[in-house]
1. Does the range 255-379 come out rounded, prolate or oblate, given a ≥ b ≥ c as the square roots of the eigenvalues of its C-alpha gyration tensor, rounded meaning a/c under 1.5 and, failing that, prolate meaning a/b above b/c?
2. For the range 155-275, what does the alpha-carbon gyration tensor say about shape, rounded, prolate or oblate, given a ≥ b ≥ c as the root eigenvalues, a/c under 1.5 as rounded, and a/b over b/c as prolate?
3. Given H252, A160, G54, which one lies farthest toward the positive end of the charge dipole of the chain, if we put +1 on the Cβ of every Lys and Arg and -1 on the Cβ of every Asp and Glu?
4. Which whole-number percentage describes the relative contact order of the range 138-245, with Cα contacts under 8 Å and a sequence gap of 6 or more?
5. Using a Gaussian network model of the chain with C-alpha springs under 10 Å, which one of T232, T192, T223 is most mobile by mean-square fluctuation?
6. Heavy atoms of the protein only, probe of 1.4 Å, neighbouring chains included. What is the accessible area of E61 in Å², nearest 10?
7. Quick check: residue separation of L17 and L210 times 0.36 nm, minus the Cα distance between them. What number comes out in nm?
8. Answer rounded, prolate or oblate for the range 172-219, using the Cα gyration tensor with square roots of eigenvalues a ≥ b ≥ c: rounded when a/c is under 1.5, else prolate when a/b is larger than b/c, else oblate.
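The values are calculated or read from the model by the stated rules, or taken from the named source; none is laboratory data. Since this is a predicted model, take the numbers as computed values, not measurements. Backbone-built Cβ (ideal geometry, glycine too); neighbour counts: all protein chains shown. Side chains included, ligands, DNA and RNA excluded: accessible areas come from the protein's heavy atoms. Shrake-Rupley method; radii C 1.70, N 1.55, O 1.52, S 1.80 Å.
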Amino acid sequence: MARQLADRAFAATFRHLFAFSLLYEDSEVDNRVLGLDPRSRVLAVSGAGCGVAGLLAAHPERIDAIDINPHHLALAALKVAATRRVTSYAEFYQLLGRGRHADPAGALRPLMIDLPAWVARYWSANHDRFRTNLYAEGLAGTFQRWLRRTMGVDADFLRALHRLPPADRLAHLAPILASTRRAWPMRALVNTPLFLLGIGVNFEQRQRNLRANRAATMMDVVTAHFERLAQTDLETNWFVWVGLTGEFNHDHPAAVPPYLRAENHRRALAAPTRVGFHRESLQRMLAAATPGQWSHFSLCDVLDWLPAGAQRQLLHRIARVGGPGALVLTRSVESACVVDRLGLSELYERVEPVSTEASEQERTRLYGRVNVYRVAGGA
Ligand SMILES: C[S@@+](CC[C@H](N)C(=O)[O-])C[C@H]1O[C@@H](n2cnc3c(N)ncnc32)[C@H](O)[C@@H]1O
């Protein structure tokens, strides 16, 4: 009960904060597992919007992007508009790959044409985020700047680490992680609610994270996360690059979220997809929806923010709206299957081996599972 009250306060605060410029989910996985086609209608939680913009390349019929956080939804709308409207790949990459522009107001203005009026107002007030580096902005960007100053690592360090066999990287990283754990402001910050706001982890998900990592504190969770990240392909892991250098690895075309890659951008330019943006909670949007409105539901890790009763209610609503055969993509820091844990296996089947492969491929290494569920009763 105390946790639920704390999470109400968390949500009320979080929705007013610009936390992320980047979606901390591997949208390359989403594109692979959702299997969208021109008849697909997607309801997708946007976060910072890399995933929503990435769906355009598959030309779904419709995308409804939804988020309770207007900062994130406005950024998602901008990423979608730039993906569809900026025909020059070089200009597109300058804006959202490099995250900076000499004339941000001039660059953003023509993108606002089809967007809701509130999004246009938002960017006319906030275009300066592109003045130096979009990816160093927001609460997460601020924490990462502190982290970089504390760790003292750079792109050359990352390249050197990448050249080592994965098994040897930990030994190289261990002294840096140990001194980072001791250093201010990391030591003071990491176990506070402010840190949770900056990484988008509410108290419910914090608890799940501690359990999943068998950790006593969030500092332990963060350390374990770094150790997992060190084992990934560091040349193309854009989460590591943005976290430790503030930039994507511009030398590698696959080291960016899929929507920023040239081939996907070319395909997205021709997308006939209708896209809506909704400042709304998933629960309310689903309660007002009609059966068959969407065929695909991309939930980010929203279920992890909810206690079991609310998870069950949300999954029931999705099954009612999606109907037999609808697909649900969800991430969790836990390794348990949420459908099994809630006893909903008559309502949903987990799609395998797709889910297990997606969990292994997810390069954020933030999640114990990336699961795709199909509403039961379909063909
Ligand atoms: C769950 S958060 C966690 C961070 C996430 N992994 C990321 O990379 O953005 C992702 C997004 O979900 C939004 N969100 C959380 N609960 C929601 C809800 N019930 N309905 C709609 N959006 C929600 C948040 O505002 C945030 O932008």
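1. It comes out oblate by the Cα gyration axes.
2. Here the range 155-275 falls in the oblate category.
3. Result: G54, furthest along the dipole toward the positive end.
4. 42
5. T192
6. The accessible area of E61 comes to roughly 70 Å².
7. Net length gain for the segment: 67.0 nm.
8. oblate
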